[in-house]
1. Nearest 10 degrees is fine. How inclined is helix 2-18 to the longest principal axis of the chain, computing both from alpha carbons?
2. List LYS243, LYS287 from most exposed to least, where exposure is judged by having the fewest other Cβ atoms within 10 Å.
3. For the chain, modelled as a Gaussian network with Cα springs under 10 Å, which listed residue fluctuates most, GLY53, GLY82, GLY109?
4. Report for the chain the percent antiparallel among DSSP-assigned beta bridges with both residues inside it, nearest 5.
5. Taking +1 at the Cβ of each Lys and Arg and -1 at the Cβ of each Asp and Glu, which of TYR213, ILE85, SER66 sits farthest along the dipole of the chain towards its positive end, judged by Cα position relative to the Cα centre?
6. Identify which of GLU127, GLU276, GLU41 has the largest mean-square fluctuation in a Gaussian network model of the chain, with springs joining Cα atoms closer than 10 Å.
7. For the chain, rounded, prolate or oblate, judged on the Cα gyration tensor with a ≥ b ≥ c (square roots of eigenvalues), a/c < 1.5 rounded, else prolate if a/b > b/c?
8. Around GLY110, under 13 Å between beta carbons, what's the net of Lys plus Arg minus Asp minus Glu among the other residues?
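What follows draws every value from the coordinates through simple rules; no lab data is involved. Everything quoted here is computed from the prediction, not taken from an experiment. Please note: Cβ atoms are built from the backbone with ideal geometry, for glycine as well, and neighbour counts cover all protein chains shown.
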Amino acid sequence: MTLFRTGFLTLLAAFVLTGCTPDPATDLSGQEVTFRKAFPEVLPLPDGFQPEGIVAGTGNDFYVGSLADGSIYRGDFRTGEGSVIFTPESGVSVGLAFDPQTKYLYVAGGPGGGAYVLDTRSREVVESYAFDGGFVNDVILTPDAAYFTESFAGPFLYAAELTRSGQPTGDFETRTLTGDYTFVSGGFNANGIEATPSGDALIVVNSSLGTLYRVDPETGVAQLIDLGGETVVNGDGLLLLGKTLYVVQNQFNQIAEIRLSPDYLSGAITDILTDEDFRVPTTVTRKGSTLYAVNARFGTPAGPNVDYEVVAVTR
C-alpha cells in the first residue's frame, strides 16, 4: 500500500509539473490511472462565422452569435466542439444573454433596431422586438427586465419586461440616459452592459469616450463611475464578477480588470489581461475561474474561409 501511494503521488507530481495528461497511464502497482484532460485553451468556431457575442449556458455549454447571418452556435467548453443550432431568416446577432431558469437566449439584433428571444431547447423564437433603433448592441437580464443598449440612435436603453417566472411579455419601454451620460453624435456610444446582483443598478460603457456609468434601470439616470482619470476606450463587452468588472477593449486586444467600490461609483484598473491568441476580442464570459473571449477579427476582410475562435484567459 505504501508503494502504491508513493508511485501515485510521483505520477501526479509529474502530471502537475509538466502539464502532461497520461491518458491512460499506469501506477507502480500496474493499475490503470486515467486523468481528466484540461479544457482546451482555444475553441474553434465555424469558418466565416464572424462572431461578436458570447455567453455561457448551462453545464459546459456556451453560445456565440454571428454577424454574418445571425446564426447561433452552441459549443462545449470541455471538448471545444459544437454546431449551429439556429439561423434567423434575416439579420445579425450581436450581444447575448442567457437565462438558466428558462433556457432562453436573448439576442441583440444590431442594425435595424431588432432583438429576439430564442428557446435553446426547442430552437424556436418565443419573442421578438422592434425597438426602431439604430444599432441594438448588447443585453443583460435582471429579475424584472432584459435591458438592451443602443449605440447610434440616441442615449437610450430598451427595457423589455419579464414576468416573475422570467417569461418575456413582449412589452418594452425606452429609457433615455440622462444625468452624467454623454452621447457622442456620430460615435459608437452605449455598448456593453452589466447588472448588479440585485438588478437595482446597471453598468454601461460608452465605447467612444471610454467612460463607465452606473445607471438606474427605472429612470435612466446615469452616474459617472470615477476611474481616477483612467478610461476604457474601445470598451465593448462587460463582465461583472462580485466587485470586479472586466471590460473588453476590442481594438486594443486586451481586457481591463477594474476593482469597483461597494456602491459601484468608483473604481481602479488593477490589471490588463492580454493573450497571444487575441485577434480583436469583443465580448467575454466565464466558466469556473476562466474567462472566455471571442475573437471578432474586426479589420480582417470577411470571407467563408476566415477562421475564428474563442480564447480561454486565466485571471
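1. For 2-18 against the chain, the angle is about 40 degrees.
2. Values: LYS243 13, LYS287 17.
Result, fewest neighbours first: LYS243, LYS287.
3. Residue with maximal mean-square fluctuation among GLY53, GLY82, GLY109: GLY82.
4. Working: 91 of 94 bridges.
Here the antiparallel bridges make up roughly 95 percent for the chain.
5. ILE85
6. Largest GNM mean-square fluctuation: GLU276.
7. Working: a/c = 1.95, a/b = 1.63, b/c = 1.19.
Since a/c reaches 1.5 and a/b is larger than b/c, the shape of the chain is classed as prolate.
8. Details: positive: none; negative: GLU52, ASP69, ASP138, GLU150.
Overall, the nearby charge balance is -4.
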